[in-house]
Amino acid sequence: MEKSALISLAKQSLEIEIAELNHLKNRIGEDFAKAVEIINNAVGKLIVVGIGKSAHVGNKIVATLNSTGTPAQFLHAAEAIHGDLGVIQKQDVVLCISNSGNSPEIVNLVPFLKDYSSALIGMTGNLNSKLAEFSDVVLNTFVEKEACPNKLAPTSSTTVQMALGDAMAVCLMKMNGFKDRDFAKFHPGGTLGKNLTAKVEQFLSSQKPQVSENSPVKDVIISVSSSTHGVTVVTENDKILGVITDGDLRRMLMNTENISGILAKDIMSRKPKSIEKNELAKDAMKILKEKNIGQLIVTDQGKYFGIIDLHRLLDEGII
């Protein structure tokens, strides 16, 4: 196929799915609100059941709910009728996902899902299906057209299912007052976790360059050159007086013929930017970006504690 034809087909596919999502949006009503309230008020957890492509959607919905404060567990329909029904407790709510609502596994399973749980919510594109008949609440995910060129492979239908699951998760988050600090509890690892929880002191440099205000320029040059950060901090009993960068040294050398009598206090920039060691690393990154600087002084109750470097934060995924 020509590239232009591929691009046109991709756009057509997206247009079909966007149209189906708009249809879904217009159908959102009291049944959706009731389903969310049932899940929110449940004493137990939410059990999400599916098979085929709907099973993959169900797993994604479960992952989203668990990470946003709503306990959920996935149950494969084929495994359920062969022993795994025992995972459902009477206080649990079941969300069963099936586009047709009439697949053999679902037809055999729904009476038990209804009987074993406190409520059965059906997510289906067929309001005349067995799943819809047994459900306490039905979420209509009907699509007029699959994006698949043969109109067979689940494309629009799974997109609609997943989007409806996301909408449920968003509503449940709002109902439960779920905030970013709560999100952080469930995401301690990876980039998300680091940006939500990592503290400045976790990324502290092993180097702590410093000089006194009366240090001669030779000592300043040695201190700046001996660290990889190109900076040294001017202190007095760990009280920060200023900072000297390699740029400050270059400017001084260019403008001064005799440097023998120059001291650190003559070169330093006063009131440098700093951050407390217990602050979030992402806040340090924000300062570094806003001030267009490469290093930031780290303090412990106002006293010099160390250096944090822009490149270290970037390497660790702090943004």
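The values are calculated or read from the model by the stated rules, or taken from the named source; none is laboratory data. This one's a predicted model, so the numbers in the text were calculated from it and none came from an experiment. Quick reminder, even Gly has a Cβ in these numbers, built from the backbone with ideal geometry, and neighbours come from all protein chains shown. We work out accessible area using only protein heavy atoms, side chains counted, and drop any ligands, DNA or RNA first. Shrake-Rupley method; radii C 1.70, N 1.55, O 1.52, S 1.80 Å.
General remarks:
- Scanning segment 34-50 for residues that are open to solvent by 40 Å² or more (accessible area, probe 1.4 Å), touching a residue at least 60 places away in the same chain (Cβ under 8 Å) and either assigned to a loop (DSSP other than H, G, I, E, B) or within 20 Å of Gly125 (Cα to Cα) (or both) gives Lys34, Val43.
- Residue count, segment 112-134 (criterion: farther than 19 Å from Phe32 by Cα and open to solvent by 50 Å² or more (accessible area, probe 1.4 Å)): 4
- Hey, Lys53 open to solvent by 50 Å² or more (accessible area, probe 1.4 Å) and more than 25 Å from Asn128 (Cα to Cα) or not: no
- Test: Phe186 is hydrophobic (A, V, I, L, M, F, W, C), touching a residue at least 24 places away in the same chain (Cβ under 8 Å) and open to solvent by 90 Å² or more (accessible area, probe 1.4 Å): yes
- Residues in segment 248-257 that are free of Cβ contacts under 8 Å to residues at least 12 places away in the same chain and part of a helix (DSSP H, G or I): Arg250, Arg251, Leu253, Met254, Asn255.
- Looking across segment 261-319, the residues that are assigned to a helix (DSSP H, G or I) and in contact with a helix residue (DSSP H, G or I) (Cβ under 6 Å, 6 or more places away or on another chain) come down to Ala264, Ile267, Ala281, Lys282, Ala284, Met285, Leu288, Leu310, Arg312, Leu313.
- Residue ranges of helices (runs of 4 or more DSSP H) in segment 60-137 with at least 1 members aromatic (Phe, Trp, Tyr) and out of contact with any Cys (no Cβ under 7 Å at 6 or more places or on another chain): 104-116, 130-134
- Subset of segment 295-318 that is touching a Lys or Arg at 6+ places or on another chain (Cβ under 7 Å) and within 11 Å of Ala281 (Cβ to Cβ) - its residue that is surrounded by the fewest Cβ atoms within 10 Å (Cβ to Cβ): Gly317
- Screening Lys208 on (1) under 29 Å from Ile318 (Cα atoms); (2) part of a helix (DSSP H, G or I); (3) among the charged types (D, E, K, R); (4) open to solvent by 80 Å² or more (accessible area, probe 1.4 Å) shows it passes everything except condition (2).
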